[in-house]
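A.B. asks: One structure, as structure tokens, below. Some questions next.
The values are calculated or read from the model by the stated rules, or taken from the named source; none is laboratory data. This is a predicted model, so every value here is computed, not measured. Here the Cβ is made from the backbone with ideal geometry for all residues, glycine too, and neighbour counts use every protein chain on show.
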Amino acid sequence: MLKNRLDKNADRKKAVFLDRDGVIIVDKNFLWEIKQLEFIPRAVEALKAIPTDFLKIIISNQSGIARGYFSAKQAEKFNTALLAELKKKGVIIDGMYYCPHSPENNCECRKPKIGLFESAQRQFNIDYTRSWMIGDKSSDIQAGKNIGAATIQVLTGYAGKEEGSLDVIADQTVGDLYEAVETIKK
């Protein structure tokens, strides 16, 4: 019986969970227009450098849907274009999950809550304790801590100083996604 349990744990995967805006792409406040898609310098190179034994999973709060700034269909179209552009550049993202709710909805999927992470875990059999969360907001870092992952805050976005930020400290703070991936590789 113990052998089967050990074998099951050996099959669990590691993941690098990534916030989208402010980490991979420039945060332009409720971004949904494809023509505004702009990668943060070195972000694509960083995504390519993530070790192959890690899944690459984007977890993003997209409250612009609930606020009426854009529709879920427009968000899906933007995310599809983003994934296609990354694929053209040689980057495959294993999963992408987003929360369409506003902070006032008090849903279970909006970071720092872990609903989207649980969805990814169910789909990919992820071991949180061997995984990383990279984000620019305190809610990203708190979500990573809530699942028991190591956390890295990047300074390319809000750097944890967004309005209503949480009192949380990342395990590591680095300049950008490229430096975050170098940290993971060590």
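A.B. asks: Identify, from the list Gly95, Gly90, the residue that is modelled with pLDDT of 95 or more, surrounded by fewer than 13 Cβ atoms within 10 Å (Cβ to Cβ) and small (Gly, Ala, Ser).
C.D. replies: Testing whether each residue is modelled with pLDDT of 95 or more, surrounded by fewer than 13 Cβ atoms within 10 Å (Cβ to Cβ) and small (Gly, Ala, Ser) leaves just Gly90.
A.B. asks: Restricting region 73-122 to residues that are of a type in the set (Lys, Arg) and assigned to a helix (DSSP H, G or I), which is farthest from Phe54 (Cα to Cα)?
C.D. replies: Of everything passing the filter in region 73-122, Lys73 is farthest from Phe54 (Cα to Cα).
A.B. asks: (1) surrounded by fewer than 20 Cβ atoms within 10 Å (Cβ to Cβ); (2) more than 18 Å from Gly22 (Cβ to Cβ): which one isn't true of Pro103, the others all being true?
C.D. replies: The failed condition is (2).
A.B. asks: Also: List the residue pairs whose Cβ atoms are under 8 Å apart, where the first residue sits in region 50-72 and is assigned to a loop (DSSP other than H, G, I, E, B), the second is surrounded by fewer than 14 Cβ atoms within 10 Å (Cβ to Cβ) and aliphatic (A, V, I, L, M), and the two are 6 or more positions apart or on different chains.
C.D. replies: Correct list of pairs: Ile65/Ala72.
A.B. asks: To continue, here is another question. Ile65 versus (1) closer than 27 Å to Ile126 by Cα; (2) of a type in the set (A, V, I, L, M, F, W, C); (3) touching a Pro at 6+ places or on another chain (Cβ under 9 Å): which is the lone unmet condition?
C.D. replies: Going through (1) closer than 27 Å to Ile126 by Cα; (2) of a type in the set (A, V, I, L, M, F, W, C); (3) touching a Pro at 6+ places or on another chain (Cβ under 9 Å) one by one, Ile65 breaks only (1).
A.B. asks: Check region 50-57 and report whether any residue there is modelled with pLDDT of 95 or more, buried (at least 16 other Cβ atoms within 10 Å of the Cβ) and among the aromatic types (Phe, Trp, Tyr).
C.D. replies: Looking through region 50-57, at least one residue is modelled with pLDDT of 95 or more, buried (at least 16 other Cβ atoms within 10 Å of the Cβ) and among the aromatic types (Phe, Trp, Tyr).
A.B. asks: If a residue must be in a helix (DSSP H, G or I), surrounded by 23 or more Cβ atoms within 10 Å (Cβ to Cβ), out of contact with any Lys or Arg (no Cβ under 7 Å at 6 or more places or on another chain) and among the hydroxyl-bearing types (Ser, Thr, Tyr), how many such residues does region 133-185 contain?
C.D. replies: 1
A.B. asks: Follow-up. Every residue in region 14-37 that is free of Cβ contacts under 8 Å to residues at least 24 places away in the same chain and either in contact with a Gly (Cβ under 8 Å, 6 or more places away or on another chain) or not in a loop (DSSP other than H, G, I, E, B) (or both), please.
C.D. replies: Lys35, Gln36
A.B. asks: I need the full set of residues from region 76-129 which are among the basic types (Lys, Arg), in contact (Cβ under 8 Å) with a residue 12 or more places away in the chain and either more than 20 Å from Ile141 (Cβ to Cβ) or in contact with a helix residue (DSSP H, G or I) (Cβ under 6 Å, 6 or more places away or on another chain) (or both), in order please.
C.D. replies: Lys77, Lys89, Lys111
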